[in-house]
1. Once you place label points 7 Å from the Cα toward the Cβ at D162 and V143, how far apart are they in nm?
2. Mind pulling up the Rg/Rh value for the range 148-261? Radius of gyration and Kirkwood radius, both on Cα.
3. Using 0.36 nm times the number of residues separating V199 and S234, minus their current alpha carbon distance, what extension gain do you get?
4. What does a probe at S247 reach in the range 162-201, counting residues whose amide N is under 19 Å from the point 7 Å along Cα→Cβ?
5. Given R₀ = 25 Å, FRET efficiency for L109-L211 by Cβ-Cβ distance, to 0.05?
6. In the range 148-173, which residues have a backbone nitrogen under 17 Å from the label point lying 7 Å from N180's Cα in the Cα-to-Cβ direction?
7. Over 19 Å apart: what share of the alpha carbon pairs of the range 155-216 falls there, rounded to a whole percent?
8. Could you tell me the relative contact order of the range 219-277? Use alpha-carbon pairs under 8 Å, at least six residues apart, and round to a whole percent.
Amino acid sequence: MEQLAFLPVFRVMLLLPFHYTNDAVTLPLFYFSSPLSGPSMLRKRVIPLRRPCYWDMFILLATLVMAATTHVQADDDQLLQQVHQFLYQETQALGEEVVIELRPPSPHLPKCIQPEPFLPNANQAPLGRVSVGVRCGEDSRQVRYLQAQVDVIGTYLVAASDIERGTLITSAMLSERGGNLGDLSAQALTAEADIVGKVAQRPIRNGSTFLAHYLQAPDLVERGQRVTVIAQGSAFRVSREGEALESGALGEQIRVRFESREILTARVADHGILVVDF
């Protein structure tokens, strides 16, 4: 019996499967004791649980996403408003009504700071489907492009009758029509000043619009013609006679040779008149 007193006391705990409820988890615990520690016993331990806050987490994430989306949307709205105003200023004089539709920028692009809209092709009216450039940043190094549809309701000019090639266009050959200028070709001329006085380079049929490559300014100076060259500045004006080495229309630069064999480039200003500005 004395030896038994020194026997180590051991205890084995077997953990049975958990049992979950809405508010707690029950842990069945089975204790097996040595003969010296008393009889075996079976008992349950109940541990209260806090309900999972899945809905709270979902609402928090949704709120954060909505806040970020609202901030980005505000930045995009400001950018679109400035581009819209820029296009309206460029087109309001072309017709009676202007309708502008802009595609929003990519959501992956960063915010555009100090946006400066511009037209990649400054010499062409922004009509129909156009691309608008926007310079961003204080140094304007970042450039992005937005797509727009610009419709202008107004009047434009068409041929009142058939026009043969080589004909000098006059006002009597024009007729007005109304419609959406955005549906016209990008090369269509809508101002009378851009059409009258030009020479048709190909036949133009009745009712057709006047395209830029259909017309050409007539030559006011012919090659080999004796011309007057006027050199002028803020306080002087000098004229000399010379010979045109090439033909030229109004505003074109052509070469002129003088009796001294000197060759100079001058601008065509009128019939037989060239100008050199200093």
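Every number in this text was worked out from the coordinates using simple rules, so none of it is lab data. Everything numeric here is computed off the predicted structure, so don't read it as measured data. Every residue, glycine as well, gets a Cβ built from its backbone with ideal geometry; the counts of neighbours run over all protein chains shown.
1. 4.7 nm
2. Numbers: Rg = 19.2 Å, Rh = 16.7 Å.
Checking Rg against Rh, the ratio lands at 1.15.
3. Gain on extension, V199 to S234, equals 9.1 nm.
4. Label zone hits: 164-170, 197-201.
5. 0.10
6. 148-156
7. When every Cα pair of the range 155-216 is considered, 17 percent fall beyond 19 Å.
8. 37 percent
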